[in-house]
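A short worksheet on the structure shown next.
The values are calculated or read from the model by the stated rules, or taken from the named source; none is laboratory data. Keep in mind the model is a prediction, meaning the values are calculated, not measured. Here the Cβ is made from the backbone with ideal geometry for all residues, glycine too, and neighbour counts use every protein chain on show. Each accessible area value is taken on the protein alone, full model and side chains, heavy atoms only, with ligands, DNA and RNA left out. Shrake-Rupley method; radii C 1.70, N 1.55, O 1.52, S 1.80 Å.
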Amino acid sequence: IIIVPKMLTDFDGPETTKLDSVLSEADFIKMDIEGCELESLRAMENLIKRSEHIRLAVCCYHRDNDEQLIQKLLEDYGLHTKYVDGYMWSPIGDDQKYYNPKLRHGVIRAWK
């Protein structure tokens, strides 16, 4: 386990980092980062390609179309994907700007 006191996203900055910048390879990544999953995954293509037997569990319910966009990106990286069984509905914060209340898959699994 590595604790990095920065926000995970798709660029390196004083308070942010890309996973590609922190790790050279990984076996398992669990991601629940409040809607930044897609951007963070886009910035870790090299990490995924370098990691021989990587597995991921990625939350995909925060934004509309996250399920499909995250699944497509992971499959474009050459990973197998499967949604965890069941659906969820969860109101998110006070800002409803990006929120469309409907049943969504909660987590998508991916592996080589």
To the nearest 0.05, what FRET efficiency results for D32 and W89 with a Förster distance of 22 Å applied to their C-beta separation? 0.85
Residue of M31, M44, M88 that the Gaussian network model of the chain assigns the largest fluctuation, springs spanning Cα pairs under 10 Å: M88
Per-residue HN-Hα couplings for the stretch 72-89, Karplus 6.51 cos²θ - 1.76 cosθ + 1.60 at θ = phi - 60°, whole Hz, x for Gly and Pro? 4, 4, 4, 5, 4, 7, x, 9, 7, 9, 7, 6, 5, 4, x, 10, 9, 9
Rounded to the nearest 0.05, what FRET efficiency do I1 and N46 have when you use their Cβ-Cβ distance and R0 = 22 Å? 0.55
With every protein chain in place, what's the accessible area of S24 (1.4 Å probe, Å², nearest 10)? 80 Å²
Using modelled amide H (1.01 Å from N, peptide plane; none on Pro or chain starts), what sits under 5 Å from the amide H of T16, excluding residues fewer than 5 places away? M7
Solvent-accessible surface (1.4 angstrom probe) belonging to R50, in square angstrom, nearest 10: 110 Å²
What ranking of L69, L41 comes out by heavy-atom accessible area, probe 1.4 Å, highest first? L69, L41
Taking the chain as a Gaussian network, Cα atoms linked when under 10 Å apart, which of Y77, Y61, Y87 shows the biggest mean-square fluctuation? Y87
If the cut-off is 16 Å between C-alpha atoms, which aspartates and glutamates fall inside it for K72, apart from same-chain ones fewer than 8 positions away? E37, E39, E45, D64
Here the averaged projected area of the chain, based on the convex hull of its alpha-carbon atoms and given in nm², is 7.2 nm²
Length gained when the stretch E75-W111 is fully extended (0.36 nm per residue, less Cα-Cα span): 12.0 nm
